[in-house]
Amino acid sequence: MTQTQIVAQLARKDEEALLHLRDQYEVYCLTIARRLLRSEQAAEECVSDTWLRAWNAIPPERPEHLFAYLAAICRNLALNRLDWNNARKRKAEVVSLTAELESC
């Protein structure tokens, strides 16, 4: 199936479009997400979110290069996930209370 047909299916909200997206672009999107996230599970979640985002937000002007459109979505989702994972509040150090209490 051509990318023009897939985009037309997405615009019509035809669920078969998601199957075609997965068949043709999953390997490429997984590669992008894996390189950024370095986690198989996080990469798979990112790619699933990519399909959802493409389903919900296919632009009316219909992208000329579907892979570039999907790759941009996937990359942005992966970068957002990476920022979330590396947030300072999630990287807090654990302080031993025994060391604190000994100094008192």
* Please determine, in degrees from 0 to 90 and to the nearest 10, the orientation of helix 66-85 with respect to the longest principal axis defined by the Cα atoms of the chain, where the helix direction is its Cα long axis. => 10 degrees
* Structure fact -> Out of Leu52, Cys29, Asn80 - ranked by how far each Cα lies towards the positive end of the dipole of the chain, with unit charges on the beta-carbon of charged residues - the top one is Asn80
* Taking the chain as a Gaussian network, Cα atoms linked when under 10 Å apart, which of Ala43, Ala78, Ala68 shows the biggest mean-square fluctuation? -> Ala68
* Structure fact -> Over the chain, with neighbouring protein chains present, the accessible area per residue in Å² at probe 1.4 Å is 71 Å²
* Would you work out what percent of the accessible area of the chain, with all protein chains in place, is carbon or sulfur (probe 1.4 Å)? => 51 percent
* Per-residue [θ]222 nm for the chain (sum of -39500 (n - 2.57) over DSSP H runs n ≥ 4, rounded to 500) -> -23500 deg cm²/dmol
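The values are calculated or read from the model by the stated rules, or taken from the named source; none is laboratory data. If you're wondering where the values come from, they're calculated on a predicted model, not measured in any experiment. Reconstructed Cβ throughout: ideal geometry from the backbone, glycine too, with neighbour counts over all protein chains shown. Ligands, DNA and RNA are excluded from the accessible area calculation, which covers all protein heavy atoms including side chains. Shrake-Rupley method; radii C 1.70, N 1.55, O 1.52, S 1.80 Å.
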